[in-house]
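In what follows, a single structure is set out as C-alpha cells and then discussed.
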Number of protein chains: 2
Amino acid sequence: MEITRQADYAIRSMIHLAELPMNGRVSTASISEAQGIPLPFLTKVISRLATAGLVTTSRGMGGGVSLARRPEEVTLLQVVEAVDGPILLNHCLLRSGACERESFCAAHDVWSEIQERFVSELSAVTMQDLALRQARKAAGEPAHSE
Amino acid sequence: MEITRQADYAIRSMIHLAELPMNGRVSTASISEAQGIPLPFLTKVISRLATAGLVTTSRGMGGGVSLARRPEEVTLLQVVEAVDGPILLNHCLLRSGACERESFCAAHDVWSEIQERFVSELSAVTMQDLALRQARKAAGEPAHSE
C-alpha cells in the first residue's frame, strides 16, 4: 500500500527544485546532501523524472538539474507516477476487463471509486504548494491545509 | 501502492459471508469455489480474519465459517488491515518521529492528510454496503454510489 522509497526521494527532490529561484539549477550532489538521498538512488530517480519530462538535466560546468515546468504545473500524482507507475489500489483496476469478476463484483466498483478520489487528491497538490508549505513550516508558521 | 491479493481474497470472502442469511455458516470449500480463491490461500486468509475477530470458524459436521459481527459493523478498512496490517501510504507515516525530516518536510504533512482521508473512505464502506451493492449488481440494477 506504500509508495516506494524512490517515489519519496522523487518528491523531496522536486520540492527542493521548486524552492529554487525561477529556472534554478543545482547539482545532484547538492540535492543528495540537502535532502539526505544517497547519490546512486538519486541518480536513478532524476533519470525517471527526466524521462517523464518533469526535470531537465545538463552536464559539465554550470550543469545540473532543473524543473522542466513551472512548479505550479507539476502535481504530486505526476511525481509519484513518474517513479512508481500508475496508481493502482487493487490489481482488479489494472484495466477494464483485467478481472473476470468485474461484471458482478461490488468490491471492484468501490475500489474504482476510492481510487478515483485518491488520484484526484494527489492531482490537487502541486510542487508549488509543497514548496510554499515547506517555507512556511521552516519559518515556524502553523501548518494548515489549503 | 496495491493491496495484496490476500486482502482482495479477504474482501471477497467477507462479502460472500455477508450475503448469507443472518448467522449463516459455510465451508471454506464452498467459499473457495464460489469466489474463485485457491483453498490454501483462503485458509490463510480466514485464519487472519479470525485472529482479527471478524469471522468465527468451527470444525466438524455443520462447521464452517461465519461472520463474527453483523455485516454493517465490519468496514472495508478492518478487512484490509486484518490481512495487510495498518494502512501506510508512505513509510514516513509509520509513527510520529519515524522520519527525522518530519519537523520541516511539507510532504509528510500532505501524506498524513491524504492518508487520513483515505482511511476514512475505507472506514465508510461496510460489508453490508458491499453485499447490497453486489445483490443489486447481480440483479442488473444500475450502479450508484452511496
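Things to note:
- Criterion violated by A:Asp84 - all others in (1) modelled with pLDDT under 95; (2) under 25 Å from A:Gln6 (Cα atoms) satisfied: (1)
- Taking the listed residues A:Ala138, A:Ala82, A:Ala107, the one that is surrounded by 12 or more Cβ atoms within 10 Å (Cβ to Cβ), under 27 Å from A:Ser32 (Cβ atoms) and facing chain B (nearest Cβ under 7 Å) is A:Ala138, with no other qualifying.
Here's the yes/no breakdown for (1) among the aliphatic types (A, V, I, L, M); (2) farther than 22 Å from A:Leu132 by Cα; (3) assigned to a loop (DSSP other than H, G, I, E, B):
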| residue | (1), (2), (3) |
| --- | --- |
| B:Leu77 | yes, yes, no |
| B:Glu81 | no, yes, no |
| B:Glu100 | no, no, yes |
| B:Ala107 | yes, no, no |
| B:Gln115 | no, no, no |
| B:Ser120 | no, yes, no |
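- Annotation note: of A:Ala50, A:Ala131, the sole residue that is modelled with pLDDT of 95 or more, more than 8 Å from chain B (Cβ to nearest Cβ) and within 12 Å of A:Met14 (Cα to Cα) is A:Ala50.
- The set of residues in the range B:95-128 being within 21 Å of A:Leu89 (Cβ to Cβ), free of Cβ contacts under 8 Å to residues at least 40 places away in the same chain and of a type outside the set (Val, Ile, Thr) consists of B:Ala107, B:Trp111, B:Ser112, B:Glu113, B:Gln115, B:Glu116, B:Arg117, B:Phe118, B:Ser120, B:Glu121.
- Scanning the range B:41-59 for residues being β-branched (Val, Ile, Thr) and under 12 Å from the mean Cα position of the chain (by Cα) gives a total of 3.
- Criterion violated by A:Thr75 - all others in (1) at the interface with chain B (Cβ under 10 Å from one of its Cβ atoms); (2) closer than 22 Å to B:Glu102 by Cα; (3) within 20 Å of the chain's Cα centre (by Cα) satisfied: (1)
- Among the residues here, A:Phe104 does not qualify as aromatic (Phe, Trp, Tyr) and under 22 Å from the mean Cα position of the chain (by Cα).
- Count of residues meeting criterion [in a helix (DSSP H, G or I) and among the polar types (S, T, N, Q)] in the range B:50-75: 1
- The condition of being touching a Gly at 6+ places or on another chain (Cβ under 9 Å) and of a type in the set (D, E, K, R) holds for only one of B:Arg101, B:Arg48, B:Arg70, that being B:Arg101.
- Top-ranked residue in the range B:1-38 [being buried (at least 18 other Cβ atoms within 10 Å of the Cβ) and among the small types (Gly, Ala, Ser); ranked as nearest to the other protein chains (Cβ to nearest Cβ)]: B:Ala7
- Those residues of the range A:89-98 which are outside any helix (DSSP H, G or I) and either touching a Phe, Trp or Tyr at 6+ places or on another chain (Cβ under 8 Å) or surrounded by 18 or more Cβ atoms within 10 Å (Cβ to Cβ) (or both), in sequence order: A:Leu89, A:Asn90
The values are calculated or read from the model by the stated rules, or taken from the named source; none is laboratory data. Please read all numbers here as calculations on a predicted model, not as lab measurements. Positions of Cβ are generated from backbone atoms using ideal geometry, with glycine treated the same way; all protein chains shown enter the neighbour counts.
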